[in-house]
Amino acid sequence: MKVKYELLKNDTKTKARYGLLHTNYGTYETPMFMPVGTQATVKTLSPEELKEMNSAVILSNTYHLWLRPGCDIVYNAGGLHKFMNYNGPILTDSGGFQVFSLAKNKSKDITEEGVHFKSHIDGSNLFLTPELSIQIQNKLDSDIAMSFDECIPYPATYEYAKASTERTLRWAKRGKGVFNNERQSLFGIVQGGAYEDLRNYSAIETVKMDFDGYSIGGTSVGEDKTTMYKMIDDAIKYLPIDKPRYLMGVGDPIDIIEGVVRGVDMFDCVLPTRIARHGNAFTRHGKINIKNAKYKEDFTPIEVGCDCYTCTHYTKAYIRHLIVSSESFGQRLLSIHNIRFLIKLTEDLRESIKNDNILEYKDAFIKEYSGGNDK
RNA sequence: GCGAGUAUGGUGAAGGGGUUAACACGGUGGAUUGUGGUUCCAUUAUGCUAGGGUUCGAAUCCCUAUACUCGCC
């Protein structure tokens, strides 16, 4: 089935909204945070652990699975869900962003037809097109596929942003033309760089193609926060109320709140798992670096009151020891805490929308989060 | 006891008279937003075993002491 968005409540003072996302694998509340499992696994975590922290949709990646193990192997395994033993909804990114992030400093050639670039694994020449990306995703059999887009760098000239935005629209149309999977949904992606008129135009034209959901791409690529929030505003203004809105790649706690207030329903980000592997943890009082010497003999949890497995069983001193010793269990414990932190944040945001006090929640959160990380 | 050799930061070490003592690990901070899974950046010896001497100038040369190492009694 196609995903369906059910709007249950609009906030009275902001554009925030509370709703439900109906999927092949159950119905979930929004706004939601989606952990990233690029290579068919949320790094260090099992599906059971994800369920335990009330995770819903997870992300995986077309580009990575295309190269390794290959989409036919996933297809022959019975699809991505079976392959990775995950019976929840899966969204696959199209590979558009990987052209931007993996090949950032390497040779790549973006043409009307598609993108020529080099494999990050063995340097071999690759050619990815909008059609191929969709065909791979059809085979992977994720629940939500993404259109193949170009993520415009920041800053970019108006001329480049305009040409790229128009090309992304043509790519979206081409991808949609070959899309062929009844069980799967397809989302369009709004680009436009940091230019208001291009963002508006991109949103309007993408919506005309009638996708199952819409995402806002091209943010958090080096622009300042004010610009980023405006990019969201400029894009979301023209998105329909009856389809889910997904802000791609954003997962800083404050950015999630700013996104929700602007009407975003879905977020994904590598931040919780990536910083976990490098020893950082989110707390209500800001991000902490567990490797800091001051935690050497701190026998309290990362966050008192946190309901995650990590905080209910382990101390900062122990986790610090694991991270300093490069033990993978430490990475796992921090990943559990960080993902649970963002999921809990979205749970709180949903409650605040239902209670009509999201602005109060936002102000209190930001004040506490930015206030320091002495806890 | 005799002979030879070595002594550089928390560690392994480079430098064999000429500005701020290489590099690596470790330590201490920081970064990270649709993930190239032990990453990236900054910082970390006012000092080269101790004392004395030569020299404009010594970690580098000389003397003494001390500690290790290897031989021989």
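When A:G279, A:G263, A:G305 are screened for being more than 18 Å from the chain's Cα centre (by Cα), farther than 20 Å from A:C151 by Cβ, more than 10 Å from RNA strand B (Cβ to nearest atom) and of a type outside the set (V, I, T), only A:G305 passes.
Which of the residues belonging to region A:119-144 are among the charged types (D, E, K, R) and within 24 Å of the chain's Cα centre (by Cα)? Within region A:119-144, A:E131, A:K139, A:D141, A:D143 qualify. Of the numbered criteria (1) surrounded by fewer than 24 Cβ atoms within 10 Å (Cβ to Cβ); (2) under 29 Å from A:K230 (Cα atoms), the one A:A293 fails is (2).
Of the helices (runs of 4 or more DSSP H) lying entirely inside region A:285-375, those containing at least 2 residues that are closer than 25 Å to A:I257 by Cα and at pLDDT 95 or above span A:309-313, A:328-354, A:358-370. Condition first: among the hydrophobic types (A, V, I, L, M, F, W, C), within 12 Å of RNA strand B (Cβ to nearest atom) and without any contact (Cβ under 8 Å) to a residue 60 or more places away in the chain. Now tell me which residues in region A:9-68 satisfy that. Passing the criteria: A:A40, A:I58, A:L67. Candidates are the residues of region A:72-101 that are within 16 Å of RNA strand B (Cβ to nearest atom) and under 18 Å from A:S124 (Cβ atoms); the one that is modelled with the lowest pLDDT is A:V99. The listed residues are A:G177, A:G192, and the only one of them that is of a type outside the set (S, T, Y), within 21 Å of the chain's Cα centre (by Cα) and modelled with pLDDT of 95 or more turns out to be A:G192.
Inside region A:205-253, can you point out the residues that are within 11 Å of RNA strand B (Cβ to nearest atom), assigned to a loop (DSSP other than H, G, I, E, B) and within 18 Å of A:M266 (Cα to Cα)? Scanning region A:205-253 gives A:G217, A:G218, A:T219, A:S220, A:M248, A:G249, A:V250, A:G251, A:D252. Checked against the criterion of being among the aromatic types (F, W, Y) and in contact with a His (Cβ under 9 Å, 6 or more places away or on another chain), the candidates A:Y18, A:Y28 yield just one match: A:Y28. Among the residues of region A:234-256, those that are under 12 Å from the mean Cα position of the chain (by Cα) and hydrophobic (A, V, I, L, M, F, W, C) comprise A:L247, A:M248, A:V250, A:I256.
Any residue at all in region A:331-346 that's over 25 Å from A:T30 (Cα atoms) and within 11 Å of RNA strand B (Cβ to nearest atom)? Yes, because at least one residue in region A:331-346 is over 25 Å from A:T30 (Cα atoms) and within 11 Å of RNA strand B (Cβ to nearest atom).
Listed conditions (1) under 28 Å from A:R17 (Cα atoms); (2) touching a His at 6+ places or on another chain (Cβ under 8 Å); (3) crowded, with 19+ Cβ neighbours inside 10 Å; (4) of a type outside the set (A, V, I, L, M) are all met by A:G371, apart from (3). Residues in region A:103-152 that are more than 12 Å from RNA strand B (Cβ to nearest atom), aliphatic (A, V, I, L, M), in contact with a Ser or Thr (Cβ under 7 Å, 6 or more places away or on another chain) and more than 20 Å from A:V36 (Cβ to Cβ): A:L126 alone.
Could we say that A:P272 is closer than 28 Å to A:M53 by Cβ, near RNA strand B (Cβ under 9 Å from one of its atoms) and either assigned by TED's automatic domain parsing to the domain that holds A:E29 or touching a Leu at 6+ places or on another chain (Cβ under 6 Å) (or both) here? Yes, satisfied.
Of A:G286, A:G305, which residue is under 30 Å from A:D11 (Cβ atoms), in contact (Cβ under 8 Å) with a residue 40 or more places away in the chain and surrounded by fewer than 20 Cβ atoms within 10 Å (Cβ to Cβ)? After ruling out the rest, the residue left standing is A:G286.
The values are calculated or read from the model by the stated rules, or taken from the named source; none is laboratory data. These figures come from a predicted structure and were not determined experimentally. For neighbour counting, all protein chains shown are included, and Cβ atoms are generated from backbone atoms with ideal geometry for every residue, glycine included.
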